[in-house]
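The values are calculated or read from the model by the stated rules, or taken from the named source; none is laboratory data. This one's a predicted model, so the numbers in the text were calculated from it and none came from an experiment. With ideal geometry, Cβ positions are generated from the backbone for all residues, glycine too; neighbour counts draw on all protein chains shown.
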Amino acid sequence: MKVRVFLNHFGVRREVGLLADSPQGILFEYHPDFLSSGIPLSPYMLPLRTGTFRDDKQTFAGLFGVFNDSLPDGWGLLLLDRALARQKRSLADSTPLERLTLAGSRSFGALEYEPDASSLVEDVACDLDTLAEESLRLLEEQSCQIEALETLITLSGSLGGARPKVLLKLEDEQGEPQSWIVKFRAPGDAPEAGLEEYRLSLAARRAGLDMPKTRLFPSARGPGHFGVRRFDRVHGLKVHAHTACGLLHATHRIPSMDYENLIRLTASLTRRSKEVERMVALMVFNVLAGNRDDHTKNFAFLMDEHYTWHLAPAYDLTRCSGFNGEHCSTVNGRGRDITEHDLIQAAAVGGLGAGKVRQMIERTREALADVL
């Protein structure tokens with residue numbers, strides 16, 4: 001199988017290259033025109049050069065991380081499995097390249113794939129409470145209404161993450177369409193999970209973190225459903241995005257990163273001290289808020305119109321226990337009982353002084369005072 005890769009970044013669409021299955025594994029080669037563009041699509045694992053690339057480590061079943069970022073996981077994989085079951089197939093039957101065609105032009109970020117077999121529609125009429133209930137039934141391996149399943153598949157695209165979610169297109173105050181992600185609770189979540197994530201998003205904004213717009217969608221069966229505006233869409237245009245997981249081939253399935261490396265990655269990729277400060281502030285917030293689900297897919301970077309990298313806004317900020325009560329990303333070698341000293345030591349690799357970090361800690365504590 002062969003798949004053509006395109007970058008549709010801020011409304012300019014370029015052919016990136018070609019992916020192909022072979023007896024040696026998945027191969028990738030840049031298109032000559034893209035090489036001459038100088039765009040750093042994935043600078044560490046896919047530097048701009050002629051020739052064929054192959055991932056011998058098979059971190060993502062042979063895909064390079066920038067393409068793996070386009071694929072669903074968790075909830076999205078469950079929906080894909082159900083969609084394939086209607087064709088009397090299973091998820092195990094599908095290849096990574098076939099899954100990319102199913103993501104097609106509807107994936108995270110600005111990459112698009114041809115052949116395009118995607119079917120995402122964001123403006124389907126739906127009842128959020130009904131979809132939330134049917135999502136829960138699906139996750140609990142109960143039967144789900146066929147109509148609801150069709151709607152969930154149509155509205156979910158290739159979204160990542162474990163919790164069920166859908167994409168909606170809504171107009172802002174100026175009447176401009178915006179793409180929103182609406183999350184539903186998973187088995188084991190409290191009924192007020194959406195409200196808690198919304199309150200935490202407001203606290204993050206008070207703490208100085210760059211946050212997308214968030215809102216609580218009303219529900220007749222609970223406090224509401226958490227919604228967040230997509231940060232990989234600007235004025236209806238796609239923006240190239242890349243997770244730390246994909247950039248470094250650092251799997252999110254198990255703890256594989258520490259904050260010192262995330263800070264170094266930010267400094268290396270963005271070459272801006274302000275971006276490093278933003279990563280340190282995110283580290284401080286995650287530790288003080290008890291967000292231990294700080295794995296490599298929950299940190300991302302965006303490319304601007306001038307092909308310069310910036311740290312993406314914070315996302316998936318939730319209080320959770322983590323692996324054995326520890327953070328997925330360690331701080332100064334510690335996954336739990338992280339102290340102010342540990343935060344200062346970790347921030348030092350990015351050139352931040354103790355005084356600056358203490359200011360971040362104090363501001364974050366104040367922001368979280370009425371949440372924790």
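Elements of the type helices (runs of 4 or more DSSP H) sitting completely within the range 270-372 and holding at least 3 residues that are out of contact with any helix residue (DSSP H, G or I) (no Cβ under 6 Å at 6 or more places or on another chain) and touching a residue at least 60 places away in the same chain (Cβ under 8 Å): these cover 273-289, 354-368. The residue that is nearest to ALA110 (Cα to Cα), among those in the range 37-90 that are free of Cβ contacts under 8 Å to residues at least 40 places away in the same chain and among the hydroxyl-bearing types (Ser, Thr, Tyr), is SER37.
Restricting the range 58-82 to residues that are surrounded by fewer than 18 Cβ atoms within 10 Å (Cβ to Cβ) and hydrophobic (A, V, I, L, M, F, W, C), the residue that is modelled with the lowest pLDDT is LEU77. Every listed requirement among (1) touching a residue at least 60 places away in the same chain (Cβ under 8 Å); (2) under 12 Å from PRO313 (Cβ atoms); (3) within 15 Å of the chain's Cα centre (by Cα) is met by ALA204 save one, (3). Exactly one residue among SER143, SER119, SER107, SER135 is modelled with pLDDT of 80 or more, part of a loop (DSSP other than H, G, I, E, B) and either outside the structural domain of LEU41 (by TED's automatic domain parsing) or within 19 Å of the chain's Cα centre (by Cα) (or both), and that residue is SER107.
Summed over the range 26-52, residues that are assigned to a strand (DSSP E or B) and among the aromatic types (Phe, Trp, Tyr) total 2.
Taken over the range 209-233, the criterion of being of a type in the set (A, V, I, L, M) and under 16 Å from the mean Cα position of the chain (by Cα) is satisfied by MET211, VAL228.
Just one of the listed residues (LEU209, LEU152, LEU195, LEU202) is surrounded by 19 or more Cβ atoms within 10 Å (Cβ to Cβ) and assigned to a helix (DSSP H, G or I), namely LEU152.
The set of residues in the range 53-91 that are in contact with a strand residue (DSSP E or B) (Cβ under 9 Å, 6 or more places away or on another chain) and part of a loop (DSSP other than H, G, I, E, B) comprises ARG54, ASP55, ASP56, GLN58, ALA61, GLY62, PHE64, ASP69, SER70, LEU71. Only one of ALA162, ALA193, ALA203, ALA148 is among the aliphatic types (A, V, I, L, M), under 21 Å from HIS295 (Cα atoms) and touching a Leu at 6+ places or on another chain (Cβ under 8 Å). Can you tell me which? The conditions single out ALA203.
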